[in-house]
Each structure stands twice: as structure tokens, then as C-alpha cells.
Amino acid sequence: MKNFDIAKIFYEIADLLDIKGVQWEPRAYRKGAQSLENLSEDVSDIYEKGSIKALMEIPGIGKALAEKIESYIKTGKIKKLEELKASFPKHFDELLEIPGMGPKKALLLNKELNIKSVKDLEKAIAQHKIAKIKTLGEKTEQNILQGIELLKKGQERRLIGFALPIAEQIRDALLDKPFVEKAVIAGSLRRRKETIKDIDILVASSEPKKVMDFFSSMKIIKRIIAKGDTKTSVILDNNMQSDLRVIPESQLGSALQYFTGSKEHGVKLRKIVVQKGMKLSEYGLFDRKTNTLLASKTEEEIYKKIGLQYPEPELREDNGEIEAALKNKLPRLVELSDIKGDMHVHSDYSDGGNTIKEMAEAAIKKGYEYIVLSDHSQSLKIAHGLTAQDLKRQWKDIDKLNYKNFKILKGTEVDILSDGDLDYEDSLLKQFDFVTASIHSGFKQTKEKITSRILSAIENEHVDCIGHLTGRLINKRPPYDLDTSKIFKAAADTNTFLEINSHPVRLDLKDTHVREAISKGVKIVINTDAHIIDELDYMRYGVFTARRGWAEKKDIVNTMSWKELRL
Ligand code: DGT
Ligand code: CA
Ligand code: ZN
């Protein structure tokens with residue numbers, strides 16, 4: 001699939017245009033890139049079906065961008081990028097991939113220290129050369145070093161929101177084939193981890209050769225690492241590795257149990273199996289003495305024969321799930337179908353890309369009963385935060401939209417300012433149906449300071465929920481330093497909800513925080529923070545995180561209907 005390659009190029013073009021001080025054009029390229037990333041169909045297929053006109057039907061793709069996509073499909077290159085790059089030092093774009101490295105800083109480093117690549121940069125840091133430059137200094141040097149580490153990690157482990165749609169596409173293509181009986185995604189993807197090293201796929205088939213031939217000839221594959229009789233490993237277009245194994249359908253359960261992992265879960269499970277006089281491998285569960293096969297076809301049978309309650313894949317991290325399963329005490333995990341509404345969505349009143357009506361109608365299509373419109377507050381200028389007057393207009397608009405069995409609730413994502421005050425007066429805050437308070441600035445404050453900012457928001461009686469608590473962006477920005485146990489306690493005491501922000505780059509709260517929070521009696525809201533209608537689909541990633549945090553339906557606020565919520 002070329003979508004991601006082209007999106008990456010568009011982002012690069014946007015960055016380079018930014019450096020040149022070009023107005024507007026970078027925005028168009030970024031919008032186009034985002035749209036390509038969200039596209040489920042391969043652009044080459046779209047192009048083949050309808051040429052450049054069809055490309056222009058893609059949201060955010062105008063004529064200029066469509067022509068560039070066409071050029072990439074035909075030649076594997078986009079001339080504009082080549083030209084832009086030629087006007088900068090070689091490898092300069094590599095520097096821009098470092099999280100936190102803006103074009104200005106990169107140019108300065110180039111000018112002052114002749115830095116042209118990540119390698120140069122690492123050398124300069126080792127010699128403390130950046131710390132010595134007045135306009136940069138020690139702190140910047142540390143930040144750059146952290147950025148380089150994040151960059152390297154990000155190349156190793158990709159976001160689930162990036163990997164899962166690709167894995168599903170491969171799986172579905174396999175399922176289409178008559179020689180494939182079953183195809184299942186295994187490994188960390190099946191456990192819904194937030195980041196993924198590689199895509200593990202298991203196929204049940206009695207014709208392994210046909211499966212191998214089909215898999216290794218898929219369009220999405222860049223290079224074959226190894227092709228055997230029952231296992232093939234490849235590198236995909238997006239540089240991720242994918243391993244596919246073929247097994248007879250009668251062994252799918254034991255293979256799935258083994259290749260779902262985690263390794264730690266498998267090791268602990270096998271200890272128990274041995275104690276019970278059995279043995280377990282990818283080929284099946286056997287009686288140790290007689291070697292008779294006890295189960296292999298489904299995971300459910302296998303766990304049952306071992307004497308364990310079935311643990312959902314999200315629980316298999318050796319975090320107490322085996323002990324709980326032995327006592328029949330596993331949680332009954334929340335499911336995507338339990339979700340009745342999204343309590344944090346934006347519209348074009350602030351920085352969203354769709355109207356209130358479009359957001360509402362997309363939510364209705366998802367079967368929701370409500371959304372809470374939560375645009376940004378006035379101080380967040382870059383996101384076109386809303387003033388009290390804007391809100392009056394917005395509420396009128398909301399009142400005009402009347403749907404049967406669906407409710408648009410009046411909410412806000414009010415900024416927690418750097419001194420801990422909220423960005424709206426209490427007299428305004430109390431008029432909302434639902435108030436989410438979040439931090440968007442002052443990330444580098446001390447642990448005490450940030451914690452007390454959040455605590456004061458929690459203690460405000462009008463605040464219903466705290467958005468993306470730790471501020472982390474996976475592979476891009478570490479969480480801010482917080483006293484989470486203090487916060488969880490205060491949230492429980494005041495019945496303030498905490499959000500799981502479902503955006504794949506956030507997943508904030510993360511799984512371990514969710515588990516700790518609910519054990520302390522905190523109620524969780526799973527939100528998408530959608531800025532465009534397509535992002536409403538992120539809900540599943542938030543649900544995965546909740547499940548990895550052992551959350552049940554009763555722990556999740558937006559499994560309630562809006563009447564039960566009594567807002
Ligand atoms: P990843 O790829 O780092 O995101 O995480 P996983 O869990 O997908 O790890 P991976 O791809 O290395 O291996 C896939 C599964 O295969 C893993 O979850 C459990 C199983 N597995 C791999 N090596 C071992 C092992 O040494 N012992 C056991 N019991 N299972 C293993
Ligand atoms: Ca894996
Ligand atoms: Zn938001």
C-alpha cells in the first residue's frame with residue numbers, strides 16, 4: 001500500500017516548505033497526508049479505477065496533490081520533494097524526523113556546528129557541543145538526545161493504530177482465498193498492545209504452499225526475508241516485518257495460544273500445565289505420561305482442560321491473570337459494543353474539520369445515543385478556542401439540531417491554565433452539560449506544580465472529567481511528571497472521571513494507569529477526541545486500553561445511556 005509512503009512524503013514537503021517560510025501550502029500537504037493515512041483503500045487502486053479524477057475525490061486532495069500522487073504511482077518519486085531537498089543540506093530531512101526538532105533548530109545546528117545528519121548530531125552531543133552554544137544550551141542538548149532515543153524507539157515499535165489496519169487488510173485478503181480456512185492476527189496485536197514490533201499472522205489451511213505463494217506476492221510487500229514450507233517472513237512497504245505461519249485447522253487453537261503470547265504468560269501457564277501432569281506446545285495440550293492429545297483445536301478447550309477460566313488476549317501479560325483465572329475471578333471486560341456515546345469530540349467551531357451536524361450524524365451512524373461537543377476554550381488560540389460569545393452561538397446551533405433518540409450535549413474541553421486556573425469562569429462552566437478539563441501548556445513544570453494544577457481542576461465542582469491526563473504522545477513526547485496516586489485518590493473522592501483518550505498516539509490513561517485508577521474507585525470515560533468524523537473510529541483503541549487495564553462495563557461511564565448519566 002502506497003498511502004503511507006505518499007503521506008510521509010507530503011509531511012516532509014510540508015516541513016521543508018515551513019522552513020522556507022511558505023504560507024498555507026504546508027497546511028494543504030499535511031491535510032492531504034492525514035487523509036491518506038485514514039484511507040482504507042489503496043491509492044493505487046483508486047487511481048487505477050478512475051485516474052486523477054478519482055484521486056481528487058479523496059477528502060483533502062486537490063488537483064496539485066492528486067498530480068503528485070499520480071507521479072508517485074507512476075515513477076515512485078515526487079519531483080517537488082526532490083527539488084526541495086536539493087535546496088537544503090543533504091540528510092537534512094533526517095534531522096526533522098527527530099521529535100521536538102523544528103526546522104529553525106535544525107538550520108541553526110547546521111549553521112553553527114555543520115550538523116547534517118542524526119549521526120553528526122549524536123557526535124556533537126557526545127562532545128557537549130550543543131550545550132556550549134548560547135542560544136541552545138544544556139537543556140536543549142538533553143531534549144535533543146531524548147528526541148533521538150524516541151526516534152529510534154519509534155522505528156522499532158509502531159503504534160497499534162498504524163499496525164492494526166494493515167494487519168487486518170492482510171488477514172482479509174487471505175480470508176478471501178478459497179485455500180484459506182481461517183486467518184487470525186496473533187502476537188502483541190492480538191493482545192492490543194499500544195505499540196507493535198511485527199505483525200504475526202496464523203493461517204489454517206491444508207494447502208500451505210498456495211498460502212505462501214499468495215502471501216509473498218502481495219502488493220503490500222517490499223522484500224521477502226525467508227520463505228519456507230510453513231512460515232514466511234517479509235518486510236512490508238511501511239518497513240514493518242510480518243511473519244505468517246500455516247498450520248492445520250485442527251491445531252489452530254494451540255498455535256494461537258502459543259503465538260499470541262505474551263511470552264511471560266506462556267511461561268507461567270506452562271509451569272501450571274506441568275504441575276497438572278500435562279504438557280503444552282504450539283501443537284497441542286498433551287497428557288505427559290501417555291502423550292495423548294487432550295486439546296488443540298480451540299484456545300477455549302485448551303484453557304478449560306488445564307482448569308483455567310479463559311483469559312481474553314488483552315489480559316495475557318502475566319499480571320495476575322493466571323492466578324485470577326485459577327480462582328475463576330477474571331474480570332468480564334468492557335466491549336466496544338457497550339459504548340453508548342463519545343464524550344469528547346470537536347467541531348469546526350474550534351480546530352475540528354467537520355461541522356457539529358456532520359459529527360452528530362457520523363455518531364448516529366455508529367449507533368451512539370449521544371456525543372458531548374467539547375471544543376477548546378478561549379486561551380488555546382492555535383486551536384481557535386471559543387469565547388463565551390462563541391459558545392452562545394454554538395449552543396444555539398446545537399439547539400437547532402434535533403434528532404430522535406440522539407442527543408448533542410453541550411460540553412467543553414476547558415484548558416487548565418499554567419497557574420491551575422480554568423480558562424472559563426465558574427459562572428460559565430456551570431452552564432455546560434459536561435466539562436472536560438485538560439492541560440495543553442506548561443508541560444515542563446515540576447511534578448508538584450503540574451500535579452497541583454490538575455488537583456485544583458479535579459476539585460472544581462463543575463469539572464466532570466480530566467482529559468488525556470499525562471500528556472504523553474507515544475514515541476514523540478514523554479508523559480509529564482505527575483503524582484498519579486494523589487490524582488487517582490482525588491478523582492475517586494470527588495467523583496471526577498478520568499479519560500482514556502483513544503487517539504492511537506495518546507492512549508492516555510494507559511493500561512496500567514487504568515487498572516490502578518479503577519482499583520481505587522475512579523470511573524473512566526473512553527473518548528476519541530475526534531477532530532474529524534473518521535477519528536470517531538478510534539474508539540476501539542481506547543476500549544482495547546481499557547480492557548488491558550482490566551476494566552469492566554461498570555467502570556466505564558459512557559457505557560451508560562444519557563438518561564442514566566443524568567447530566
Ligand atoms: P512484539 O512483536 O514485540 O510486539 O510482541 P510479541 O508478543 O508479538 O512478540 P513476538 O513477535 O516476538 O512473538 C510472538 C509470540 O510468540 C509471543 O507473544 C509469544 C510467542 N513466543 C515467542 N518466543 C517465545 C518463547 O521463547 N517462549 C514462549 N513461551 N513463547 C514465545
Ligand atoms: Ca509480534
Ligand atoms: Zn480535545
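Magnitude of the charge dipole for the chain, about its Cα centre and with charges confined to Cβ atoms of Lys, Arg (+1) and Asp, Glu (-1), is about 1480 debye.
In a DSSP loop and with at most 16 other Cβ atoms within 10 Å, the GluC sites (Glu not before Pro) in region 394-474 are Glu425, Glu461.
Between Ser250 and Leu336, the modelled labels are 3.4 nm apart [label points 7 Å from Cα along Cα→Cβ].
For Lys297, the aspartates and glutamates whose Cα falls under 20 Å of its own Cα, not counting residues fewer than eight places away in the same chain, are Glu181, Asp200, Glu207, Glu249, Glu282, Asp287, Glu312. Placing unit charges on the Cβ atoms of the charged side chains and taking the dipole of region 336-565 about its Cα centre, the candidate lying farthest along the positive direction among Gln378, Ser337, Gln445 is Ser337. Remark: for residue pairs Lys193/Lys486; Lys20/Lys476; Lys8/Lys85; Lys209/Lys263, the C-alpha separation exceeds 22 Å in Lys193/Lys486; Lys20/Lys476; Lys209/Lys263.
Suppose the Debye formula is applied to equal point scatterers at every Cα of the chain; what is log10 I(q)/I(0) at q = 0.09, 0.12, 0.13 Å⁻¹? Evaluating at q = 0.09, 0.12, 0.13 Å⁻¹ gives log10 I(q)/I(0) of -0.81, -1.37, -1.50.
Modelling each spin label as a point 7 Å along the Cα-to-Cβ direction, I'd like the Arg566/Ser71 distance in nm, to one decimal. Calculated label separation equals 6.2 nm. The Cα center of region 382-417 and the Cα center of region 83-157 differ in position by 41 Å. Derived scalar couplings between HN and Hα for region 511-525 equal 3, 5, 5, 4, 5, 5, 4, 5, 5, 9, x, 7, 9, 10, 10 Hz in order, rounded to whole Hz, by the Karplus curve 6.51 cos²θ - 1.76 cosθ + 1.60 (θ = phi - 60°), x for Gly and Pro.
When shorter helices are ignored and each DSSP H run of at least 4 residues is given -39500 (n - 2.57), the per-residue value for the chain at 222 nm works out to -13000 deg cm²/dmol. Each other residue within a Cβ distance under 12 Å of Lys357 adds +1 if Lys or Arg and -1 if Asp or Glu, for a net charge of -3.
Taken along the Cα-to-beta-carbon direction at a fixed 7 Å, the label points for Ser441 and Glu300 span 5.5 nm. Measuring between their Cα centroids, region 177-206 and region 320-361 lie 24 Å from each other.
Using only side-chain charges placed at the Cβ, +1 for Lys and Arg and -1 for Asp and Glu, the dipole size of region 260-326 relative to its Cα centre rounds to 520 debye.
Backbone geometry of region 411-421 corresponds, through the Karplus equation with coefficients 6.51, -1.76 and 1.60 at θ = phi - 60°, to 3J(HN,Hα) couplings of x, 8, 10, 7, 6, 8, 5, 5, 9, x, 6 Hz, x marking Gly and Pro. Per-residue Karplus couplings for region 264-281, computed as 6.51 cos²θ - 1.76 cosθ + 1.60 with θ equal to phi - 60°, are listed in order as 5, 4, x, 5, 5, 4, 5, 4, 5, 4, 5, 4, 8, x, 10, 9, 10, 9 Hz, Gly and Pro entered as x. Stretching Lys263 away from Ile221 to a fully extended chain increases their span by 12.4 nm, per 0.36 nm per residue minus the current alpha-carbon distance.
Taking amide hydrogens as placed 1.01 Å from N in the peptide plane, the amide H of Asp348 sits under 5 Å from those of Asn354, Thr355, Ile356, each at least 5 positions away in sequence or on another chain. Centre-to-centre, using Cα atoms only, region 490-516 and region 19-58 are separated by 34 Å. Residues whose amide H falls under 5 Å from that of Ile416, counting only those 5 or more places apart or on a different chain, are Ser438, Ile439, His440, with hydrogens built in the peptide plane.
Annotation: the antiparallel percentage among DSSP beta bridges lying fully within region 448-567 is about 20. Under 21 Å Cα to Cα from Lys381, which lysines show up? Leave out anything in the same chain fewer than 8 places away. Lys381 reaches Lys31, Lys392, Lys410, Lys444. Amide H contacts for Leu294 (H built 1.01 Å from N in the peptide plane; partners 5 or more residues away or on another chain; cut-off under 5 Å): Leu285, Phe286, Asp287.
The numbers here are math on the coordinates, done by the rules we state, and not lab data. The structure displayed is predicted, hence computed values, not measured ones. For neighbour counting, all protein chains shown are included, and Cβ atoms are generated from backbone atoms with ideal geometry for every residue, glycine included.
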